[in-house]
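Each value in this text was obtained by applying a stated rule to the coordinates, not by laboratory testing. Note that this is a predicted model, so its numbers are computed, not measured. Positions of Cβ are generated from backbone atoms using ideal geometry, with glycine treated the same way; all protein chains shown enter the neighbour counts.
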């Protein structure tokens, strides 16, 4: 299986599993079998899952960067909504400046690292028999 195919397949499976879990929780809540009102404050963690999904496999440097930003935003929202470490929307906005700086430093390193991975168009780099 080509690495690009495996990457797309893995992303599709994770999205499918995520939709199954969310749909099941909604259905059980609506049918009165569970009380999901306590679990809805965890929704920003879905952004973390989506971001991690964007970074696994063989993403382009842009997809990898977008995945890291999605993870950061999900964790930031969760921390602000749950008041983790005393963070609120008002006092935590400097974290975006820090994350932007880290992104500017890490982006060239990630682009260089991801460009060194074997290309799927090169037949010598594919490990098929």
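Numerical summary
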| quantity | calculated |
| --- | --- |
| Meets criteria (touching a residue at least 40 places away in the same chain (Cβ under 8 Å) and either surrounded by fewer than 14 Cβ atoms within 10 Å (Cβ to Cβ) or closer than 30 Å to residue 105 by Cβ (or both)) for residue 26 | no |
| Lone qualifier among 44, 59 - being over 14 Å from residue 74 (Cα atoms), in contact with a helix residue (DSSP H, G or I) (Cβ under 9 Å, 6 or more places away or on another chain) and touching a residue at least 12 places away in the same chain (Cβ under 8 Å) | 59 |
| Filtered residues of the stretch 29-41 (kept if closer than 22 Å to residue 77 by Cα, surrounded by 11 or more Cβ atoms within 10 Å (Cβ to Cβ) and without any contact (Cβ under 8 Å) to a residue 40 or more places away in the chain) | 36, 39 |
